[in-house]
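In what follows, a structure is listed as structure tokens, so that the remarks can point back to it.
The values are calculated or read from the model by the stated rules, or taken from the named source; none is laboratory data. What you see is a predicted model, and the numbers here were worked out from it, not measured in a lab. Neighbour counts are summed over all protein chains in view; Cβ atoms, including those assigned to glycine, are modelled from backbone coordinates with ideal geometry.
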Amino acid sequence: MTPFDLNYLRLTLEIEKHIPGYIDAYLGPAGLQAEVNAAPKQSPAGLLNDLAQLQDTIPAGDPARQAYLQASLRAIGGTLHILNGAEISYLDEVATLYDITPRPVDETIYTTAHRELDNLLPGRGSLAERQEAHRQRYLLAPEQLMPLLALARDETQRRTAALVDLVPSESIELRIVYDKPWSAYNWYLGQGHSLVEFNNDIPINALHILSTMAHEGYPGHHTEAQLKERHLLHQRGYGEQASFLLHSPAAVIAEGIATTATEIIFPNGGEHTWNAEQLLPAAGMAFESAAAMQRLAQAQHALRSVAANAAIFYHTGQFTRDQALDYLQTYALSSPGRAAKSFQFFTNPLFRSYIFTYTHGYDLIAAAANNRDKTPLFKQLLTSQLLPSQLAAMATDGEST
């Protein structure tokens, strides 16, 4: 690795000592990591000096890499300024760390979805009660999880291997955990291997098994990590790819890939057919039809930004905790338990601004594809260093042509 690469990795490892969990995956030299961990923690002020030196020595030669590093170092600078006690508004924090500009979503999108769900979920009680009753029908017992997760893993792996060249002998280990702020998490271990953990604090819904596996595994996080490790770190020698940062523009791209993953390998709503024909029978369950499942999923998809709205209102002082919980129950139709879990996520110090990566990542890919097949762009993102702002520019260019 070059001196720039080693200094970049050293800086991220130093920040990790101040913010445990800041590095999502580390693939760099083990000796460097051990050296940094054994040394006393550096002051945040001193780390700003290290950042300035990196910004002055960004490698030339690849314009795409230069832009990527400039944005990454700008995000690192935002983290360091916060560590140094700077007062940054919540929305400025998100913009600096993630290269996006979050705004509240118009709530009429939610009320329109509610009307559709009202038609799709007949019965007695409020819409939220009917939605929760429907969820309850598909909740899985702990002993059911592993066989169904393995079934979804094998199918998504097979389809992804037909889309891209996976690393030989790559693999995903599955594990059930409890007491986490997230519902599922991919821990990339390097050399094509991942551990994916599924949080069963709230029982997992059978209808979400396939999409969650695509998100965390194939062709989502696990696939992106192994391909970027091979193409960018090992083949091109881009050392920054050895440190996956949670607070960076790359996280928006990663979640955009993950939230788009299912539709790439199951085009035209094919995941609902597979669920109806394969997964639900394996779980001893049934749905009225794949078409009905798809209509319900589309209506629920429109509610995906509710938590991001609640985060904006809470962190900008417009909502109290109780108001945020009520907002989640009103618009996302969440049960009290699910609302509390969502609130726990976007008030966790690691994830308070991360909440926007999911919706913005998905929307940026959709807009950049400009109503065309997303697959070519999706495959490009798996092995490139595109930024959220560059995807936004692609969408603007598409609108003007």
query = Going by the structure shown, is E216 under 26 Å from T79 (Cβ atoms) and surrounded by fewer than 24 Cβ atoms within 10 Å (Cβ to Cβ)?
reply = no
Residues of the range 116-142 satisfying the condition of being in a helix (DSSP H, G or I) and among the hydrophobic types (A, V, I, L, M, F, W, C) = L117, L120, L127, A128, A133
task = Run down S248, S289 and say which single residue is of a type in the set (S, T, Y) and closer than 24 Å to V105 by Cβ.
result = S248
query = When you look at L91, is it of a type in the set (A, V, I, L, M) and assigned to a helix (DSSP H, G or I), yes or no?
reply = yes
query = For the range 331-367, how many residues meet the condition of being aliphatic (A, V, I, L, M) and touching a Gly at 6+ places or on another chain (Cβ under 7 Å)?
reply = 3
request  = Of the numbered conditions (1) crowded, with 17+ Cβ neighbours inside 10 Å; (2) farther than 29 Å from V94 by Cβ; (3) in contact with a helix residue (DSSP H, G or I) (Cβ under 9 Å, 6 or more places away or on another chain), R230 fails exactly one; give the number of that condition.
outcome  = (3)
remark   = In the range 310-347, anything within 18 Å of L97 (Cα to Cα) and modelled with pLDDT of 95 or more is listed as A311, I312, H315, T316, F346, T347
key: Residue list for the range 307-329, filter: surrounded by 16 or more Cβ atoms within 10 Å (Cβ to Cβ) and within 17 Å of E132 (Cα to Cα)   = L325, Y327, L328, Q329
request  = Give the number of residues within the range 115-133 that are at pLDDT 95 or above and either among the β-branched types (V, I, T) or within 25 Å of the chain's Cα centre (by Cα) (or both).
outcome  = 0
task = Please list, ordered by first then second residue, the pairs with beta carbon atoms under 6 Å, 6 or more apart or interchain, first in the range 134-151 and in contact (Cβ under 8 Å) with a residue 12 or more places away in the chain and assigned by TED's automatic domain parsing to the domain that holds Y218, second surrounded by 18 or more Cβ atoms within 10 Å (Cβ to Cβ) and part of a helix (DSSP H, G or I).
result = Y138/A206; Y138/L207; L140/A206; L148/I209
ask   = E155 passes all but one of (1) part of a helix (DSSP H, G or I); (2) modelled with pLDDT of 95 or more; (3) of a type in the set (D, E); (4) loosely packed, with under 13 Cβ neighbours inside 10 Å; which number fails?
value = (4)
inquiry  = Need pairs with beta-carbon distance below 7 Å; first residue under 18 Å from S171 (Cα atoms) and within the range 199-216, second part of a strand (DSSP E or B); sequence gap 6+ or separate chains.
reply    = T212/A184; E216/A184; E216/N186; E216/V196
ask   = Can you pull out the residues in the range 246-284 that are outside any helix (DSSP H, G or I) and surrounded by 17 or more Cβ atoms within 10 Å (Cβ to Cβ)?
value = L246, H247, S248, F266, A283
